[in-house]
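Take a look at the structure set out below.
The values are calculated or read from the model by the stated rules, or taken from the named source; none is laboratory data. All figures in this text were calculated on a predicted structure; none of them were measured in a lab. Note that we place each Cβ from the backbone using ideal geometry, even for glycine, and neighbour counts take in every protein chain shown. When the accessible area is computed, the model is the full protein with side chains, heavy atoms only, and any ligands, DNA or RNA have been set aside. Shrake-Rupley method; radii C 1.70, N 1.55, O 1.52, S 1.80 Å.
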Amino acid sequence: MADEQFPAAQSALEEYQDIERQMSQPEVASDPKAIRKLGRRHAQLGSIVEAYRAWQHARDDADAAKEMAGEDADFAEEAKRLEALVAPAEEKLRSALIPRDPDDVRDTIMEIKAGTGGEEAALFAGDLLRMYTRYAEKRGWTTTIQSENSTELGGVKDVQVAIRAKGNPAPEDGVWASLKYEGGVHRVQRIPVTESQGRIQTSAAGVIVFPEADEDDDEIEVDPKDLKIDIFMSSGPGGQSVNTTYSAVRMTHIPTGIVVSMQDEKSQIQNRAAALRVLKSRLLAMKHEKEAEEAADMRHSQVRSLDRSERIRTYNFPENRIVDHRTNYKAYNLDQVLDGDLQAVIDSDIQADEAARLAKTD
């Protein structure tokens with residue numbers, strides 16, 4: 001009965017159990033690459049298996065109680081109570097079976113760039129960096145600044161940060177699952193610190209996000225002959241030298257023209273490795289974007305797009321208001337949002353995306 005009603009869930013359970021058997025084998029347990037891949041797939045299937053088992057348990061309990069109620073009327077109320085639990089469990093299972101973005105479990109590379117507005121835009125870009133850093137802290141994620149170009153007043157012209165989860169999270173708890181909605185133009189309305197007349201100014205910052213490729217990810221292969229690598233001296237705010245060694249790396253992927261600069265690691269070798277990982281992440285994002293376009297499956301949220309032309313959110317300081325223009329989410333707790341309390345805003349995007357995916361399955 002279970003197999004006939006939810007064959008996809010039964011298949012997921014069988015694959016889940018097979019992965020557990022593989023992970024228990026000594027030759028697999030001693031292979032970090034194999035364990036990482038199996039662990040990621042195990043996490044992807046986990047929510048489906050949990051919902052499937054919960055539905056089976058609810059259904060079996062209801063059936064048993066109904067049978068007992070037929071023999072003893074005292075069980076009638078208990079049978080009704082248990083029967084009422086089956087439908088919610090089934091709905092949860094159906095939701096778990098909706099196809100997810102396969103990259104949801106991946107970590108994320110985020111780039112924030114000051115847009116129009118001069119120094120004020122750079123200060124706002126710095127505010128966004130702090131907001132995402134604090135949000136990551138609340139989620140138990142780690143953040144690593146990979147490159148940063150700051151201003152004398154403490155603003156940020158551009159910054160690249162890696163945001164990573166610990167262990168193998170379930171897809172819904174992955175970094176990309178939440179932060180993929182942040183790509184686009186973020187607009188701010190406030191009185192700049194440089195404004196002496198007290199006039200409100202509008203400026204903007206652009207955010208690009210893409211899933212981070214694993215160091216040993218074999219989905220993307222980069223031919224060393226396709227790379228042009230320049231070495232230069234690291235520099236900090238105002239162009240001052242951070243060190244006196246040529247450890248910074250600028251890596252250009254000739255076929256695509258993608259350029260990645262890395263200077264925050266301690267050595268040239270480390271910067272090369274970090275730059276290559278970011279390059280592979282960009283190529284992975286481009287590959288998936290192309291696949292989505294070919295499948296005519298680009299979402300309205302543009303979660304795959306690296307384009308920053310879409311204005312997605314407005315931060316209005318005088319009114320302490322934040323608005324997400326894609327979902328019409330509006331709240332008057334901007335101060336809390338900028339302190340990392342971003343989940344409600346992101347949830348509005350997740351719910352809209354899930355509704356769209358659910359509609360496609362109907």
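Using 0.36 nm per residue and subtracting the Cα-Cα separation, the extra length available between Ile269 and Thr202 on full extension is 19.9 nm.
Cα to Cα, under 22 Å, and not fewer than 8 places away if on the same chain: which lysines meet these conditions relative to Lys228? The reachable lysines, counting only those whose Cα sits under 22 Å from Lys228, are Lys266, Lys280, Lys287.
Of the residues Glu212, Glu4, Glu289, the one with the largest accessible area comes first in the ranking Glu4, Glu289, Glu212, computed with a 1.4 Å probe on protein heavy atoms.
Counted over the chain, the DSSP beta bridges are approximately 90% antiparallel. For Ile231, Ile254, Ile98, Ile322, the ranking by accessible surface with the largest value first comes to Ile254, Ile231, Ile98, Ile322, using a 1.4 Å probe. Between rounded, prolate and oblate, where does the chain land on the alpha carbon gyration tensor, with a ≥ b ≥ c its root eigenvalues, rounded for a/c under 1.5, else prolate if a/b exceeds b/c? It comes out oblate by the Cα gyration axes.
Extension gain for Ile98 to Glu354 (0.36 nm times residue separation, less C-alpha to C-alpha distance): 91.3 nm. Couplings for region 31-44, taken from phi via the Karplus curve 6.51 cos²θ - 1.76 cosθ + 1.60 with θ = phi - 60°, read 10, x, 5, 5, 5, 5, 5, 5, x, 5, 5, 4, 5, 4 Hz in order; Gly and Pro are left as x.
Helical runs (DSSP H, four residues minimum) scored at -39500 (n - 2.57) apiece and divided by the length of the chain put the mean residue ellipticity at 222 nm at -15000 deg cm²/dmol. Highest mean packing comes first when the peptides 117-125, 184-192 are listed by Cβ atoms within 10 Å, giving 117-125, 184-192.
Paramagnetic label reach from Lys66 (point 7 Å along Cα→Cβ; backbone nitrogen cut-off under 17 Å): within region 1-44, residues 1-6. Solvent exposure of Tyr315, expressed as accessible area, is near 0 Å², computed with a probe of 1.4 Å over the protein chains only. By the rule of a C-alpha distance below 16 Å, with chain neighbours fewer than 8 residues away ignored, the lysines paired with Lys113 are Lys157.
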